[in-house]
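First the structure, in the form of structure tokens, and then the observations on it.
The values are calculated or read from the model by the stated rules, or taken from the named source; none is laboratory data. Here the structure is a predicted model, which is why all the values come from computation and not from measurement. Neighbour counts run over all protein chains shown; Cβ positions are idealised from the backbone, glycine included. Protein only, heavy atoms only, side chains kept; ligands, DNA and RNA dropped before computing areas. Shrake-Rupley method; radii C 1.70, N 1.55, O 1.52, S 1.80 Å.
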Amino acid sequence: MTKRSFVLNGKQVTVDVEDDVRVLWVLRDVLKVTGPKYGCGINVCKACTSHINGKAFNPCSVRIADIKPTDRITTIEGLADTASGELHPMQEAWLEQDVAQCGYCQPGQIMAAVAKVNQAKAQGRTISDADLDEIRNVCRCGTYFRIRQAIKSGAAKM
Amino acid sequence: MNDPLGPTPTQAGVAPAETVPGAAASRRRPSRRAFIGYVVSGATLVTAAQFAQPETADAAIPSVPQIPELFDLEDLETQSALPTSGLITITMDEQGYANFALPRMEVGQGITTSTAMIIAEELDLPVDKVRVSLAPARPELVFNQLTGGSNTTNSTFTPIRVAAATARGRLLQAAATQLGATLSQLTTKAGVVLGPGGKSLTYAELSIKAASLVDLKVTVTLKQSADFTVIGTPTKRVDARDIVTGAKKFVTDLDVPDALPTMVCRPPTLNGKPVALRNREQVLRMPGVTDVAQVDTGIAIRAKTFGQCIDAVRAVQADWAGGPTASESDDSILAEIRRAEVPLAVPKLPLLAVQLDAKFEFMFRSSAALEPNCAIADVRDDSATVWAGLKAPIVAQGNIAKAVGLPVSKVKVNVVTGGGSFGHKLFGDAAIEAAKISKAMRKPVKLLWHRADEPRQGRVHPMATSRLRATMLAGEVLTFEQRHTSVATDFSHGLGEMLVATAAKLPPGLVGVGLSQSIFLLTQELPYNFGVVTQLLNETDTRFNTGSMRAIYSPDVACANELFIDLLAKKAGKDPLAFRLANLKQANVKAVLQKVAQVGNWGRPMAPGTAQGIAVHREYKGATACLVEIDCRPATVNRTIRDAVTGPRVTKVVMAVDAGLVVNPEGLKAQMLGGVSDGIGLALTNSLHLKDGHFLEASWDNYFYTRQWNTPPEFECVVMPSTSSEPGGAGEAGVPASVAAVACAYARATGKVPTRFPINHDTSSFEVKSFVPPVPESPTDGLSYTF
Ligand code: FES
Ligand code: FES
């Protein structure tokens with residue numbers, strides 16, 4: 001066991017855990033931060049999508065040993081604090097479009113959406129249908145169309 | 001013992017029926033039907049209604065019409081509610097919230113929202129002042145605690161309204177006493193009773209005053225639908241904010257003390273059994289591992305984190321017995337189905353009549369939700385507590401009790417909102433397994449199935465064939481026969497018992513046929529006037545772990561029928577829309593079809609390789625129609641996306657739905673959207689492949705459920721104006737018409753009528769993951785995929 005430290009949702013945290021435990025389990029099982037969900041554990045379903053230093057990543061596929069003390073990890077629980085309003089504009093858009101059904105995939109969907117919009121913006125573009133087609137997050141309730149609507153709407157306010 | 005507000009009851013307990021004075025003249029008209037409600041003794045106001053519907057079983061017995069026209073699965077589920085004595089209660093608390101424990105399970109279909117709306121409507125309370133939770137298993141409710149067949153709103157609508165109306169009446173009565181007013185001077189609005197001279201009292205202030213020391217039985221009348229202001233108004237989900245902030249808790253998010261992560265190393269073949277664990281000591285020494293136990297489904301491992309469970313599962317060395325299907329493959333099961341097919345009759349043909357035959361095959365499909373099977377169990381020597389997503393918690397409670405050898409009364413089953421169900425959570429598989437493991441380890445466990453376990457060992461929608469024969473004369477259909485043959489569907493979740501218990505009330509056509517055949521006949525209804533119509537089900541092979549997946553038989557049956565109807569239309573030289581309209585029986589089915597044709601611009605010119613498809617379905621007291629446009633041009637079909645099946649793209653979908661009285665149009669549209677995503681996957685991409693006793697799929701990149709790149713960029717859903725005073729079902733109604741419309745569009749675009757579904761089944765599109773170990777390694781390269 002090794003002490004590992006990183007910045008989680010704006011706060012420095014330290015955990016005592018084996019090196020090769022994947023970050024998803026450090027978040028969920030050790031720190032009890034349960035917004036990121038397990039849907040596959042092999043970087044396919046994207047239910048665990050969170051941000052590392054502002055970019056989308058899948059903590060089920062990253063060892064805690066590969067995280068540095070200065071790395072900033074943001075989960076759905078900390079997303080609102082990265083924007084000025086009470087909620088992040090993408091969360092607002094999700095409410096406006098009433099996207100969620102069971103809700104299990106939605107934290108990951110929102111985190112992926114924010115990163116996807118930021119990626120397009122960094123390239124000086126607005127989000128396109130082709131960008132939306134690249135999103136790999138599974139929604140077994142089939143809310144995909146409303147997700148597309150919400151991302152377009154949220155992007156306009158980001 | 002006196003009720004402070006009413007007459008002295010003649011005996012302790014339940015008072016004789018009286019009309020609740022709250023039947024204020026302003027709202028209640030005299031000729032209205034009265035219902036029985038109860039005021040239950042409590043510290044604050046508690047009202048109740050019997051969770052059952054008034055007897056209506058003396059309905060006409062159908063003869064000529066097909067069974068579902070008069071008595072469908074929804075009637076069955078509602079009727080079987082009658083003999084139970086369970087009450088549902090609404091508690092008004094001192095903060096002015098109405099609290100209600102719904103004896104159903106929320107799995108994303110929006111029933112907590114629609115239930116809150118129904119209570120808000122009848123109580124004149126804002127929707128956000130209604131708190132709906134999920135009731136734990138209540139054995140006394142018998143069949144009344146089964147979430148299935150899309151029947152929640154249909155069977156709970158009236159009882160919930162009665163309890164809410166009783167509460168409102170009681171609040172008015174208390175306010176009259178407090179304000180020194182007569183009931184006719186009082187009105188209610190947004191959780192406040194308004195009296196003469198601007199005086200008012202909130203429900204919060206009245207919650208204690210309106211309480212009763214004894215149980216009272218009262219009669220109430222309900223709001224008329226013309227006065228509805230909440231029901232029928234698009235309303236967003238009540239749990240949406242918790243979902244988008246990550247606050248919503250699913251089973252594995254619950255922090256039950258000492259319930260450590262637990263996974264099972266499962267056999268390499270379907271339903272195989274563990275014989276011996278060869279390296280127990282080695283597994284026990286692995287980092288984080290606390291316990292190892294052999295149970296009937298595999299080798300269970302409990303550890304500090306799920307990641308360490310996965311590592312340990314991969315390290316297990318064990319001897320396994322092959323399962324009962326160890327040597328079977330898709331082809332051998334298909335051959336078995338073929339052997340079980342009942343021959344189609346050869347009708348006596350009038351001179352010049354023509355006969356058309358068709359046959360369609362449907363492969364195994366996984367009904368897994370995104371949240372894998374999971375449950376928390378704490379089994380002690382003398383009691384057990386379980387937390388799980390369960391649509392039939394009473395059946396699960398009984399099965400858990402049996403599995404751990406405790407009386408049912410010692411097993412507490414908490415129902416937790418599920419991350420999707422699609423029929424999967426009708427069974428208590430994970431709850432029962434978790435209880436067995438907890439008993440074996442003598443510790444609380446939080447059991448989670450690995451994703452790979454789901455398609456490989458979890459419930460599947462059965463493989464089936466549907467054969468059709470019709471005869472036509474001069475463009476008219478004289479006979480229509482369907483023989484559906486299927487791997488057996490498991491109904492042990494309670495629907496079977498419900499059916500048997502109500503058998504005496506079933507129409508005569510259903511007495512004496514088997515359980516599955518009964519359910520088939522109760523749900524399948526050909527909506528066309530096609531002369532002599534017979535639809536029969538035959539089942540074979542009970543070795544698979546099956547279940548219904550968002551509708552039991554309808555998606556396959558509708559797909560087969562509607563493709564066949566396109567063939568009949570072609571034979572008759574008619575346009576598919578015109579042919580359907582000329583032959584449909586019911587006005588509501590015609591209306592939804594006309595609606596999608598109009599909104600979707602049916603018949604517009606389409607480029608070669610693209611086409612429209614149109615289909616209808618009637619079930620659950622409602623009707624749905626779907627129009628799709630599909631693009632099957634090479635540039636679309638051959639798009640490359642890593643680890644994906646792209647294929648034809650559905651580019652546009654228009655749905656129209658008549659679901660009877662609609663509580664929440666926003667929620668209904670959401671359910672239709674989900675149904676379309678399922679329909680696209682069922683027609684084009686998602687299936688399981690059985691080979692040498694294994695289902696090959698182990699990931700969402702093997703089992704190709706609809707993804708963003710398969711999603712139509714255009715979608716529209718029209719909710720038809722309600723013609724009924726009764727709500728129909730929503731959760732499953734979107735699938736059948738959409739799978740059928742996609743199939744019809746594909747046939748038209750490619751000029752080839754597909755006969756095997758999904759159409760992608762015969763293409764191998766992924767590399768098969770190992771069976772020993774049964775789960776893949778957790779990757780470590782996640783940081784190279786950031787964006
Ligand atoms: S759980 Fe991380 S991608 Fe599926
Ligand atoms: S909302 Fe249920 S999986 Fe997406």
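Please give the charge dipole size of the protein assembly as shown, origin at the Cα centre, charges +1 on K and R Cβ atoms and -1 on D and E Cβ atoms. Round to the nearest 20 debye. Mind showing how you got there, number by number?
Numbers: 98 positive and 91 negative charges, 193 e Å.
With Lys and Arg at +1 and Asp and Glu at -1, about 920 debye.
Return the calculated 222 nm mean residue ellipticity for the protein assembly as shown, to the nearest 500 deg cm²/dmol, obtained by summing -39500 (n - 2.57) across DSSP H runs with n ≥ 4 and dividing by the residue count. Please list the in-between numbers first.
Details: 25 runs with 256 residues, N = 945.
Result for the protein assembly as shown, helices only: -8000 deg cm²/dmol.
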So how much accessible area does B:K691 have, in Å² to the nearest 10, using a 1.4 Å probe? 110 Å²
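Can you tally the net charge around B:F427? Count Lys and Arg as +1, Asp and Glu as -1, for every other residue whose Cβ sits under 9 Å from the Cβ of B:F427. If you can, show how the numbers build up before the last one.
Values: positive: B:K391, B:K425, B:R459; negative: B:D429, B:D490.
Charge balance in the 9 Å sphere: +1.
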Cα shape, chain B, gyration tensor, a/c 1.5 rule: oblate
Compare B:F715, B:F250 by solvent-accessible area with a 1.4 Å probe and give them largest first, with all protein chains kept in place. B:F715, B:F250
Unit charges at the beta carbon, dipole of the protein assembly as shown: most positive-side option, B:I552, B:L577, B:I160: B:L577
Can you send over the solvent-accessible area of B:T91, 1.4 Å probe, protein chains only, in Å² to the nearest 10? 40 Å²
Between chains B and A, total accessible area buried, probe 1.4 Å, no ligands or nucleic acids, nearest 100 Å², roughly 6200 Å²
Reduced to Cα centres, the span from segment B:333-370 to segment A:126-154 in Å works out to 38 Å
Spelling out what I want: for every residue of segment B:377-384, take phi, set θ = phi - 60°, compute 6.51 cos²θ - 1.76 cosθ + 1.60 (Karplus), and round to whole Hz; glycine and proline get x. 9, 10, 9, 10, 4, 10, 6, 9
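How much of the DSSP bridge set in chain B is antiparallel, in percent, rounded to the nearest 5?
On the way: 90 of 124 bridges.
Percent antiparallel among DSSP bridges in chain B is about 75.
Sum up the lysine pairs in segment A:66-158 that clear both bars: alpha-carbon distance under 20 Å and a spacing of 8 or more or different chains. Present the calculation step by step, with values, prior to reporting the outcome.
Details: A:K116/A:K152; A:K116/A:K157; A:K121/A:K152; A:K121/A:K157.
Counting lysine pairs in segment A:66-158 gives 4.
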Alpha-carbon centroids, segment B:282-331 and segment B:180-232: separation in whole Å: 59 Å
Obtain the nm distance between the two label points defined at B:S225 and A:V13 by a simple spin-label model: each point lies 7 Å from its Cα along the Cα-to-C-beta direction. 5.1 nm
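Can you give the charge dipole size of chain A about its Cα centre, rounded to the nearest 20 debye, using +1 on the beta carbon of Lys and Arg and -1 on the beta carbon of Asp and Glu?
Values: 21 positive and 17 negative charges, 32 e Å.
So the magnitude is around 160 debye.
Grab the other residues whose beta carbon is less than 13 angstrom from that of A:I67, score K and R as +1, D and E as -1, and report the net.
Details: positive: A:K3, A:R4, A:R22, A:R63, A:K68, A:R72; negative: A:D19, A:D20, A:D66, A:D71.
Surrounding charge for A:I67 is +2.
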Euclidean distance between Cα centres, segment B:411-441 to segment B:643-693, Å: 27 Å
Per-residue HN-Hα couplings for segment B:680-692 [Karplus 6.51, -1.76, 1.60; θ = phi - 60°; Hz; x = Gly/Pro]: 5, x, 5, 6, 10, 10, 9, 7, 9, 10, 9, 9, 6
The aspartates and glutamates whose Cα lies under 19 Å from the Cα of B:K410, excluding any fewer than 8 residues away in the same chain, are B:E140, B:D378, B:D381, B:D382, B:E433
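Can you give the average number of partner chain beta-carbon atoms within 10 Å of each beta-carbon in peptide B:457-465, as a whole number?
Values: counts 0, 0, 0, 0, 0, 0, 0, 0, 0.
The mean count of partner-chain Cβ atoms within 10 Å per residue comes to 0.
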Reach of B:K273 by Cα under 12 Å, taken over aspartates and glutamates that are not fewer than 8 positions away in the same chain: B:D296, B:D319
How much net charge surrounds A:K3 when only the other residues with a Cβ under 12 Å from the Cβ of A:K3 are counted, with Lys and Arg +1 and Asp and Glu -1? -2
Across B:699-712, the residue-averaged tally of Cβ atoms belonging to other chains within 10 Å stands at 6
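Subtracting the Cα-Cα distance from 0.36 nm times the residue separation, let me have the gained length for A:L87 to A:K157 in nm, one decimal. All intermediate terms of the calculation are to be shown ahead of the outcome.
On the way: separation 70, 0.36 × 70 = 25.20 nm, distance 1.20 nm.
Computed gain between A:L87 and A:K157 is 24.0 nm.
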With every protein chain kept in place and a 1.4 Å probe, the residues B:D330, B:D258 fall, from largest accessible area down, as B:D258, B:D330
Rounded to the nearest 20 debye, what is the charge dipole size of segment B:284-435 about its Cα centre when +1 sits on each Lys and Arg Cβ and -1 on each Asp and Glu Cβ? 400 debye
Find which of B:V533, B:F360, B:N710 sits farthest along the positive direction of the dipole of chain B, computed with +1 on the beta-carbon of Lys and Arg, -1 on that of Asp and Glu, about the Cα centre. B:N710
Of the candidates B:N99, B:N414, B:A434, the farthest towards the positive dipole end of the protein assembly as shown (Lys/Arg Cβ +1, Asp/Glu Cβ -1, centred on the Cα centre) is B:N99
Where a ≥ b ≥ c are root eigenvalues of the Cα gyration tensor, a/c under 1.5 meaning rounded, otherwise prolate if a/b exceeds b/c and oblate otherwise, segment A:80-157 counts as oblate
Prolate/oblate/rounded call for the protein assembly as shown, Cα gyration tensor, a/c under 1.5 rounded: rounded
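So which of B:K248/B:K436; B:K570/B:K752; B:K590/B:K621; A:K32/B:K249; B:K236/B:K595 end up more than 19 Å apart by C-alpha? It would help to have the intermediate numbers written out before the result.
Details: B:K248/B:K436 28 Å; B:K570/B:K752 13 Å; B:K590/B:K621 14 Å; A:K32/B:K249 12 Å; B:K236/B:K595 25 Å.
Over 19 Å apart, Cα to Cα: B:K248/B:K436; B:K236/B:K595.
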Considering only DSSP beta bridges with both partners in the protein assembly as shown, what is the antiparallel share in %, to the nearest 5? 75 percent
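Counting only heavy atoms of the protein chains, get the accessible area per residue of chain B (1.4 Å probe) and round it to a whole Å² value. Intermediate values should be presented prior to the final figure.
Working: 27130 Å² over 787 residues.
So chain B comes to 34 Å² accessible per residue, rounded to a whole number.
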Cross-link partners among lysines for B:K199, C-alpha distance below 27 Å, same-chain residues fewer than 8 apart left out? B:K129, B:K189, B:K209, B:K223
Tell me which residues come under 5 Å, amide H to amide H, from B:A318 once H is placed; ignore anything under 5 positions away on its chain. B:R278
